[in-house]
Structures are given as structure tokens and as C-alpha cells.
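Remarks on the structure that follows.
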Amino acid sequence: MAAEPTDPPQEGASAPAGGTQVIDTREGFGQAVLSALDECAEAGARHLWLCDRDFARWPLGQPAVIEALTRWASSRRQLTVLAAGYDGFAQRFPRWVHWRRQWSHIVQCLAVHEEVADKLPTLLFAPERVAVRLHDGERYRGRVYRETADLVSCRELVEALSQRADESFPVTTLGL
């Protein structure tokens, strides 16, 4: 993976031209996610992956994130969400759940099998464009990657995990 920058331009996140961006705060992670979503919307990225065990650290309930997802979404796009499970998701992220109802034709939620749940990274990934990954979720330490080799590694990881996952978190639940 690319080397860390030596002179960060701002606290929480730093970015050298064409290199990686360091994430070292909760706010830095939230801003990196929002910036990546904005970039994907502007560039017309076709596929997004969101991966996490439970998404507890994610800013998915923030209006700016929902707005960025809406700008990104179109009929030829796909969002794949990989999680260990979706318990509490609707309570934590009601805005995202509402957004998903409107865009259910492009959103696929998968729950990984129990034996690989511990391998789920905290990752936003847009193939051939950008990856935002937390390596230490407790301390909010991570990076934003743009280098081809890093993006290929992310693609291999999400594809391997998705092969060990099943459809989950239906848009609506029917009861008796």
C-alpha cells in the first residue's frame, strides 16, 4: 500500500496528490466517506460496496450522506451492502432505510456467513476509483486509497466475501 504523507494538510484526514489519505479521527472517517460518495456521484461510478460487521461507526444517518447517495443513484448503478447482520440497522439509520426503499432496485443487502463475519472490513469501495477503509475502528485509524494495486486488493476481498453471503434485510417484511 502507498506510503503515508509526511505533512498532513488538516487534522483528521490528510491527502498527498495521487496517494493515500490518512484517517485518524471519527470526523475524518465521516468526511472521507462523504467525500468518496460525492466523488462517485460526480464521476458516475457504477458500483459501490459498503462493508462492515454492523455499521455502528458509519455516518449513514446523516442527511449529507443520504443526499450524496441520491446524487449517485441512477438506474444503471448498483450498491452492495455486506454485513454480519442487520439487527438494529433500521433503528440506527432510519434515513438510510427510507432512502433504500426508494432505491431498492439498485441496492442489494447481503449477510455474510458466520465463519467469515470476523473478516468483514470497514470499507467503502468504488471499483477503479476509491476505497475508504478503517483498519482500527476503535481509534478511527484508516486510509483512503486510489492506487490500482490497493483497489484490486479491495475488489478481491469484497468479491470473496460476497460469495460467502446470502440476501438479507428485505425492503419490506410481510407479517400475518
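Worth pointing out:
- Trypsin sites (Lys or Arg not before Pro) within segment 55-140, DSSP loop, no more than 14 other Cβ atoms inside 10 Å: 76, 139
- Dipole magnitude (debye, nearest 20) for segment 20-163, charges at Cβ of Lys, Arg, Asp, Glu: 440
- Remark: spin-label model distance residue 113-residue 26 equals 3.6 nm, labels positioned 7 Å along the Cα→Cβ axis.
- 3J(HN,Hα) along segment 115-128: 5, 10, 4, 6, 8, 5, x, 8, 8, 10, 9, 10, x, 6 Hz, from the Karplus curve 6.51 cos²θ - 1.76 cosθ + 1.60 with θ = phi - 60°, whole Hz, x for Gly and Pro.
- According to the Kirkwood relation over distinct C-alpha pairs, the hydrodynamic radius of the chain is 16.5 Å.
- Antiparallel DSSP beta bridges within the chain, percent to nearest 5: 70
- 3J(HN,Hα) along segment 163-172: 6, 10, 9, 10, 3, 8, 6, x, 5, 10 Hz, from the Karplus curve 6.51 cos²θ - 1.76 cosθ + 1.60 with θ = phi - 60°, whole Hz, x for Gly and Pro.
- Taking one quarter of the surface of the convex hull spanned by the alpha-carbon atoms of segment 102-162 gives a direction-averaged projected area of 5.3 nm².
- The dipole here belongs to segment 49-106: it is taken about the Cα centre, uses +1 on the Cβ of Lys and Arg and -1 on the Cβ of Asp and Glu, and is about 200 debye.
- From phi via Karplus (6.51, -1.76, 1.60), per-residue ³J(HN,Hα) for segment 34-51 in Hz, x at Gly/Pro: 5, 4, 5, 5, 4, 4, 5, 5, 5, 7, x, 4, 7, 9, 10, 10, 10, 10
- Scanning the chain for GluC sites (Glu not before Pro) in DSSP loops with at most 15 neighbouring Cβ atoms within 10 Å leaves 12-127 as the longest stretch between them.
- Distant-in-sequence amide H partners of residue 109 (H built 1.01 Å from N, under 5 Å): 81, 168
Computed from the coordinates by the stated procedures, all read-outs in this text should not be read as laboratory data. Computed from a predicted structure; not experimentally measured. Positions of Cβ are generated from backbone atoms using ideal geometry, with glycine treated the same way; all protein chains shown enter the neighbour counts.
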